[in-house]
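Participant: Before I ask anything, here is the structure I am working with.
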């Protein structure tokens, strides 16, 4: 989704559009936007039910989108149409670009090749999602004509190995997980052995990852970044995780995640395509299998 937005609209350096209160504290903004969108959705459905023409419905929809844009500008500020950008290179040479558009800045300083070399890989060991296949979620796209959201489903061990390779080469890894399971917010620990509920309650709470996904016991709820990995005798033991909840959480914003926790509650990683095998790369060329909008794989995009 981010790739689609960058390709269509571009990006700007932070100096050209500084953070606002709501860009760093988006919950209140999202509550209002969601209510407004639902109100608009109800109004449009009512128009259709009352026999309004397609042209009238579209005209009303465009007016609604304009109002939403105005609300976003109030919350976040209005994106600049052009801006100047100056910097010094590694040799201290001075450079200045004037009247750049956000799209021109993206094309010059980021480039499509950089973002197109990544792929989203998931681990969903459920019967309805065979490994080695690609999947997408209905209605999940965010830009008309943009790149569809596609996931390659692989074993958890392969996700971990790809993430390990990328981290060891000095690049962080974006990953999606079920952050609220078996973790301590203050200590910054994510480990399946953190609490021994079975012993305390004299019961068996173990579920397979497949059953947890099928029955809603685990879904993707949060995204973070893998920054470092601990490997002993060829085996991954734990990860260093950077969160986005501020430096008062965990160890100055960082968590330690065990590999066992990764296996159970990490559902998605974004890695460079170079870590995929020829067979896995070929699978990306296939038409993805479309999942229902409520599938747990699409839960990060669910409006709550």
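The values are calculated or read from the model by the stated rules, or taken from the named source; none is laboratory data. Here the structure is a predicted model, which is why all the values come from computation and not from measurement. Backbone-built Cβ (ideal geometry, glycine too); neighbour counts: all protein chains shown.
Participant: Any residue that is outside the structural domain of residue 144 (by TED's automatic domain parsing) and over 29 Å from residue 246 (Cα atoms) - is there at least one of those in the range 26-34? Quick ask: steps written out before the conclusion?
Facilitator: Of the range 26-34, the ones outside the structural domain of residue 144 (by TED's automatic domain parsing) are 26-34.
When the remaining residues are screened for being over 29 Å from residue 246 (Cα atoms), the result is none.
No, every residue in the range 26-34 fails to be outside the structural domain of residue 144 (by TED's automatic domain parsing) and over 29 Å from residue 246 (Cα atoms).
Participant: Determine whether residue 229 is closer than 30 Å to residue 41 by Cα, in contact with a helix residue (DSSP H, G or I) (Cβ under 8 Å, 6 or more places away or on another chain) and surrounded by 14 or more Cβ atoms within 10 Å (Cβ to Cβ).
Facilitator: Against the criterion (closer than 30 Å to residue 41 by Cα, in contact with a helix residue (DSSP H, G or I) (Cβ under 8 Å, 6 or more places away or on another chain) and surrounded by 14 or more Cβ atoms within 10 Å (Cβ to Cβ)), residue 229 does not qualify.
Participant: Could you list all residues from the range 185-219 that are surrounded by 14 or more Cβ atoms within 10 Å (Cβ to Cβ) and outside any loop (DSSP other than H, G, I, E, B)?
Facilitator: 189, 190, 209, 210, 212, 213, 214
Participant: OK, next. Please go through the range 125-146 and give me each residue that is out of contact with any helix residue (DSSP H, G or I) (no Cβ under 8 Å at 6 or more places or on another chain) and in a strand (DSSP E or B), ordered by number.
Facilitator: The one that is out of contact with any helix residue (DSSP H, G or I) (no Cβ under 8 Å at 6 or more places or on another chain) and in a strand (DSSP E or B): 136.
Participant: Continuing with this model, one more query. Just to be sure I understand, how many residues within the range 129-140 are modelled with pLDDT under 95 and either more than 20 Å from residue 223 (Cα to Cα) or not assigned by TED's automatic domain parsing to the domain that holds residue 172 (or both)?
Facilitator: Residues meeting the conditions: 2.
Participant: So, one more: For the range 11-116, please list each of the helices (runs of 4 or more DSSP H) lying entirely inside it that holds at least 3 residues being farther than 24 Å from residue 146 by Cβ and over 30 Å from the mean Cα position of the chain (by Cα). Lay out the reasoning, then the answer.
Facilitator: Details: elements: 21-24, 27-49, 54-76, 102-109, 112-116.
Where helices (runs of 4 or more DSSP H) fall fully within the range 11-116 and carry at least 3 residues being farther than 24 Å from residue 146 by Cβ and over 30 Å from the mean Cα position of the chain (by Cα), they are 27-49, 54-76.
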